[in-house]
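Q: Quick one: this structure, given as structure tokens, is what I'll be asking you about.
All of the numbers you see were taken from the coordinates with simple rules; none came from a lab. Note that the coordinates shown come from a computational prediction; the quantities given were computed from them, not determined experimentally. Reconstructed Cβ throughout: ideal geometry from the backbone, glycine too, with neighbour counts over all protein chains shown.
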């Protein structure tokens, strides 16, 4: 399996830089954004992103608002929410809005990596199903000669 391509979105710059270095050592391609708004801009430029690791509490647009926008713009991208101020209600809201998972800060890097790999696999399976459905629809519409 190809390594996940992820984006870290958190207003804590030292945290993001440290996490990016730790993920890079695990051969996980990572881009960084220090606000939800910047993350949404980078999402437009990086359509092949697999997973966004998104902090909930940020100045300006918060993680819940950003999650809604991400799922509108790029519904197949999986989102793992991060927070140091978790409540059950917040976790439930994030999951209802399409978050793949939810992690409390501080967290174990191996747990995050496992969740990112799981989310990446889920996204890629969805992409394969969509591709297969498109192929079947095309075959039904135009016949097998279309794929020769």
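Q: As an exercise, use a Förster radius of 35 Å and the Cβ-Cβ distance of residue 47 and residue 111 to find the FRET efficiency, rounded to the nearest 0.05.
A: Working from the Cβ atoms, E equals 0.80.
Q: Turning to a different aspect of this structure: Can you give the extra length, in nm with one decimal, that the chain gains between residue 134 and residue 87 once fully stretched, where that is 0.36 nm per residue apart less the Cα-Cα distance?
A: Fully extending the segment from residue 134 to residue 87 adds 12.9 nm.
Q: Could you please rank 113, 9, placing first whichever residue has the fewest other Cβ atoms within 10 Å of its Cβ?
A: 113, 9
Q: Moving to a separate point now. At a threshold of 8 angstrom on Cα-Cα distance, excluding pairs fewer than six apart, so keeping six or more, what relative contact order does the chain reach in percent?
A: Rounded, it is 20 percent for the chain.
Q: So, one more: Sorting check: for 130-136, 54-60, 119-125, 92-98, which peptide has the highest mean count of neighbouring beta carbons within 10 Å, and how do the rest follow?
A: By packing density, highest mean first, the sequence is 54-60, 119-125, 92-98, 130-136.
Q: Determine one quarter of the surface area of the Cα convex hull of the chain, which equals its mean projected area, and express it in nm² to one decimal.
A: Taking a quarter of the hull surface, the average projection is 10.0 nm².
Q: Could you calculate the FRET efficiency of residue 122 with residue 68 from 1/(1 + (r/R0)^6), where r is the beta carbon distance between them and R0 is 25 Å, rounded to 0.05?
A: E between residue 122 and residue 68, to the nearest 0.05, is 0.80.
Q: Return one number: the angle in degrees, 0 to 90 and rounded to the nearest 10, between the long axis of the Cα atoms of helix 36-45 and the longest principal axis of the Cα atoms of the chain.
A: Tilt of helix 36-45: around 30 degrees.
Q: Multiply the residue separation of residue 76 and residue 12 by 0.36 nm, subtract the distance between their alpha-carbon atoms, and state the gained length in nm to one decimal.
A: The residue 76-residue 12 span can extend by a further 20.4 nm.
Q: Counting helices only, and only those DSSP H runs with n ≥ 4, report the 222 nm mean residue ellipticity of the chain as the sum of -39,500 (n - 2.57) divided by its residues, in deg cm²/dmol to the nearest 500.
A: Result for the chain: -17000 deg cm²/dmol, rounded to the nearest 500.
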